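Take a look at the structure set out below.
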Amino acid sequence: MRKQKGFSLIELLIVVAIILIIAAIAIPNLLRARIAANESASVSAIRTINTAEVTYATSFPTKGYSDTLTVLGGASPCTPAVATACLIDNVLASATAAPGKSGYTYNVTPVATGTINTSYTVGASPLNYNQSGVRDFCSNEDGVIRFDAGAPAQTPVTTNAACIAFTVLP
């Protein structure tokens, strides 16, 4: 009778159980890390939009701030104009609806005085609450980024008053 070499079924099941326990510990941490990365990308995108808005208002003083987020972008190759400023990439410029960018959707709402947009509010909300993010972000022409605990099915902030009510991001 020959002695067989290899692993028994019990040994294989124990190894699989250990792998499952490690995965059960690691997956929630991975999801939290992804949410943190999406929120960080959203804050960075709002900073980019703030910079683009100031550049737009400086470049087109008779218009002021942009009317929409898409105006800040432009197709490649891009020629800067009032309708296509070429200041942000098209992925961010078209992130006003799903699939958004980095799990968030964005919205820019101007406030007009006569024919000139004298202020704006930019807001960002997670596409899938508790999966792509858990906080809403906003900013306006003062450049201060604010946040608030999000809620399922929220849309980006569109008014200066609602944005001011958020907590200032440290």
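For the reader, a short list of remarks on this structure follows.
- Filter result (of a type outside the set (Val, Ile, Thr) and more than 9 Å from the chain's Cα centre (by Cα)) within region 96-122: 97, 98, 99, 107, 110, 112, 114, 117, 119, 120
- Among the residues of region 59-91, those identified as under 25 Å from residue 157 (Cβ atoms), in contact (Cβ under 8 Å) with a residue 24 or more places away in the chain and not small (Gly, Ala, Ser) are 60, 63, 65, 67, 68, 69, 70, 72, 87, 88.
- Some residue of region 38-58 being free of Cβ contacts under 8 Å to residues at least 60 places away in the same chain and loosely packed, with under 10 Cβ neighbours inside 10 Å: yes
- Qualifying residue in region 59-80 (condition: surrounded by fewer than 12 Cβ atoms within 10 Å (Cβ to Cβ), hydroxyl-bearing (Ser, Thr, Tyr), assigned to a helix (DSSP H, G or I) and modelled with pLDDT of 90 or more): no
- Test: residue in region 46-53 that is over 28 Å from residue 153 (Cα atoms) and among the charged types (D, E, K, R): no
The values are calculated or read from the model by the stated rules, or taken from the named source; none is laboratory data. All of these numbers come straight from a predicted model, not from anything done at the bench. Glycine gets a Cβ as well: all are built from the backbone with ideal geometry, and neighbour counts include every protein chain shown.
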